[in-house]
Amino acid sequence: MDRLETKWEAVSPEYEHLGGRALIARILLTEVPPRCDPLGPNNKLIFAPGLLGGTSLSSSGRLSIGGKSPLTGGVKEANCGGNGGSDLARLGIKALVVEGQPAAGMLYQLHITKERAELLPAGEWRGLGTYDTAARAREQWGGDCTVLSIGQAGVFLMSAAGVACTGHDEQDSRLAARGGLGALMGSKGLKAVVLDAEAAAALPLADAELFRASARRFATELIESPKTGRKGAMHLYGTSAIVAAVNEMGAFPTRNFSAGSFEAAENLTGQRLRELTLERGGKMGTPCMAGCVIACCNQFVDPVGNPVVSTLQYETIGLLGSNLGIGSLDEVARLNRLCNDYGLDSIEAGAALGVAAEAGLARFGDEASFTALLDEIATGSVLGRVLGQGAVVTGRVLGVSRVPAARGQAMPAYDPRALKGNGVTYATSPMGADHTAGNAFGNRLEVNPLGTEGQCELSLKLQLGAAMLDSTGLCLFARPPVFADPQLTVDLINSRFGWGWSVADLEEMQRALLQTELAFNEEAGHTAADARIPEYMTREPLPPHKVVFDVPDAEMDAIFSAL
Ligand code: SF4
């Protein structure tokens, strides 16, 4: 970006067998000084589809975005649905690596086609949110392009900023939300990346017959599953299907994580979302990317049928709903719309707003008071810049010690006191508090979520599983067939590339990924002291089960010793 130059490079042998999150981790450890300023010229912003991206395989087009995190100060990968991963892969691009920094205050768009990559001035888009940025890019380049963009939060270099990606049909804002990667993109002077994959040819397959058979088996198992099939909760209700269960187990964050169940939770459930959406003419059960057979997304509309947000998800319902004392899906959706437009991670923003409410700057249950704070972020006022730095900075500035965060990053919508496996993941994952790095909710029937026994083993297993998903581009919700039989993933990879991998090779890739990320964090200065749940959660019992987080530190410190 300092030379305003684009160039194509052949993939070095060191990177050849890596994709998505694994490739990002390796590039970071090899090419980025771990102690660099995350918003300085030595950090790199990396976009990388997974190994299976761009193929016809269901649910395989997640796009990984990464760099050194401005929020955690460590390694970061966040991935999003939409068309970005598939388009980048179909353009034949293994990774887009953004280096350097332009002159202060300059903004650009990067337009990529099969033939060329070109940087163009985008100063006139500076004040636009992500929806308008995408609209302007589509006016310029045509409606079929995919637009990755930042909103005001990214331009202001706020650590709660994510990167928005356009998707299939009405799915117009899928965020790679976590870790402040929108601020990293802003620091590179990049307002948007526009992908035009229209002319891209189908990707070559080393063994087309094996690929077709494996892809068919994968899709069939998803379609026939009671969870992900057409009669399954994921398709009918989307991720909001779990609201009632998380509330019931006492892990639903309520009023800045001060309780684990919310009295108005029944207004936020998947059933309620489905009823409201369908009676108003919205959509349920749509895919965020072409070809996904699960199709877990929705288009939430207002009472007169105008689209508000696509898609309204569980984590957002938790952080912008119960966590703020709000028991109305309409109100949550409006706050969600603002976060998407300003390019904010709804988890980090929701947690920061909860902390602000505890400090008296807003009122729990009062949507207008939270809207006003989000608008402060978009205008870049001093208060907005504090909130936009996320929950930890907000708590420090406002004198609130009850900040639900680990490794500098706000917690998703599972209180770790009542789902202790997630607490272990929040504390120990190189990613910080991120449920997608190893979500124990799906295993709550096997390991008692309130007990301490087996939580570290479970978290490690799930963290390794997430490493596979995030490196192949597979969606977290499509995990059952590949978790049940690792050979299926191996067959898909071998039939795409002809590498002759075994299950042991796949497992080695997963282990090496975590080791690489841990090494980067260690060199960046992270220590065991960073791998902790906030102290107040070890002392303050969480209603209704009156539980604290009590997985022993020594067990968490030893979690990766078996890698
Ligand atoms: S399961 Fe849902 S989030 Fe995952 S790829 Fe399919 S539509 Fe997108």
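Each reported figure results from applying straightforward, stated rules to the coordinates on display, with no laboratory input. These figures come from a predicted structure and were not determined experimentally. Glycine also receives a Cβ, built like all others from the backbone with ideal geometry; neighbour counts cover every protein chain displayed.
Listing for the model above:
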{"quantity": "Surface/4 estimate of mean projected area, convex hull on alpha-carbon atoms of region 13-195, nm²", "calculated": "9.5"}
{"quantity": "Equivalent ellipsoid, region 69-156 (semi-axes from 5 times Cα gyration tensor eigenvalues, Å)", "calculated": "20, 19, 14"}
{"quantity": "Cα centroid of region 196-251 to Cα centroid of region 499-563, whole Å", "calculated": "27"}
{"quantity": "Rg/Rh ratio calculated on Cα atoms of region 489-563 (Kirkwood radius)", "calculated": "1.19"}
{"quantity": "Proxy reagent accessibility, fewest Cβ within 10 Å first, across 347, 112, 65, 46", "calculated": "112, 46, 347, 65"}
{"quantity": "Ranked 447, 11, criterion: other C-beta atoms within 10 Å, fewest first", "calculated": "11, 447"}
{"quantity": "As computed over region 222-364, the Cα convex hull volume per residue (Å³)", "calculated": "107"}
{"quantity": "For region 488-528, Kirkwood radius (reciprocal of mean inverse C-alpha pair distance, Å)", "calculated": "11.7"}
{"quantity": "11 Å beta-carbon shell around residue 203, net charge (K/R +1, D/E -1)", "calculated": "+2"}
{"quantity": "Projected-area average for region 160-280 over all orientations - Cα convex hull basis, square nanometres", "calculated": "12.4"}
{"quantity": "Listed peptides 251-257, 271-277, 19-25 by packing density, highest first (mean Cβ within 10 Å)", "calculated": "19-25, 251-257, 271-277"}
{"quantity": "Share of Cα-Cα pairs in the chain lying beyond 35 Å, as whole percent", "calculated": "29"}
{"quantity": "Directionally averaged shadow of region 468-513, computed from the convex hull of its alpha-carbon atoms, nm²", "calculated": "3.0"}
{"quantity": "Dipole of the chain, positive end: most advanced residue of 28, 171, 427 [Cβ charges, Cα centre]", "calculated": "171"}
{"quantity": "Residue 508 versus residue 11: modelled label distance in nm, points set 7 Å from Cα along the beta carbon direction", "calculated": "1.8"}
{"quantity": "Lys/Arg +1, Asp/Glu -1 at C-beta; the chain dipole; positive extreme among 531, 288, 45", "calculated": "288"}
{"quantity": "Neighbour net charge for residue 482 - beta-carbon separation under 13 angstrom, K R +1, D E -1", "calculated": "-3"}
{"quantity": "Rounded D (µm²/s) - region 133-196, Kirkwood Rh over Cα pairs, Stokes-Einstein at 4 °C, 1.567 mPa s", "calculated": "112"}
